[in-house]
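Heads up, the thing below is written out as structure tokens.
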Amino acid sequence: MAFQILLNIGLAFIWMLLRNEYTMIEFALGYIVGLALLYVLRRFLHFDFYFRRVIAVFKLLILFLYKLILSNVDMIKIVLSPKMDIQPGIIAVPTKLRTDWEVTLLANLISLTPGTLTMNFSENGRTLYVHSIHVPDKEEAIKEIHDSFEKAIMEVTH
């Protein structure tokens, strides 16, 4: 992946040299042309197109911001309601993530959203114990973590 990024930047500089214009606009245009060239050549050189991961990182960031806003709205509803109608609970979330880095990222994303906190890991590090302020259905909460954060992390890292 690093080789592809350097190759793409090199193609952008070559584009600027051939056009004999040294501006950021020309660099960006050369970068886009380089992206298109690498995308076409990916079948012939047998490599995974690196920009797919860049897009996946942006998707993960947007997903996190979306979940952050939703959880803040939920916390505001809980705090401002006259009656505390919550069902706090601890759920065990098994994960399919392979590396410690991926599991740590998942735990941090869960803990950074208000109302949830990753408390502990299992011995093998593949199950997270998450405390949530309102868990009406534990299976649905586990499914939501799998379908959102875990899936987005797997898109970035695999």
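The values are calculated or read from the model by the stated rules, or taken from the named source; none is laboratory data. Note that the coordinates shown come from a computational prediction; the quantities given were computed from them, not determined experimentally. Glycine also receives a Cβ, built like all others from the backbone with ideal geometry; neighbour counts cover every protein chain displayed.
ILE145 meets all of the listed conditions (1) touching a residue at least 24 places away in the same chain (Cβ under 8 Å); (2) of a type outside the set (Asp, Glu); (3) outside any helix (DSSP H, G or I) but one, namely (3).
Looking only at residues in region 114-145 that are hydroxyl-bearing (Ser, Thr, Tyr) and buried (at least 16 other Cβ atoms within 10 Å of the Cβ), the one that is nearest to ILE86 (Cα to Cα) is SER132. For region 71-93, the set of residues classified as outside any strand (DSSP E or B) and in contact (Cβ under 8 Å) with a residue 12 or more places away in the chain consists of SER71, ASN72, ASP74, MET75, ILE78, ILE86, GLN87, PRO88, listed by residue number.
From the list VAL79, VAL54, the lone residue that is under 24 Å from THR157 (Cβ atoms) and modelled with pLDDT under 95 is VAL54.
Yes/no per residue for (1) farther than 22 Å from LEU60 by Cα; (2) more than 18 Å from the chain's Cα centre (by Cα):
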{"residue": "ASN108", "(1), (2)": "no, no"}
{"residue": "SER111", "(1), (2)": "no, no"}
{"residue": "ASN124", "(1), (2)": "yes, yes"}
{"residue": "VAL130", "(1), (2)": "no, yes"}
{"residue": "HIS134", "(1), (2)": "yes, yes"}
{"residue": "GLU139", "(1), (2)": "yes, yes"}
{"residue": "GLU144", "(1), (2)": "no, no"}
{"residue": "SER148", "(1), (2)": "no, no"}
{"residue": "GLU155", "(1), (2)": "no, no"}
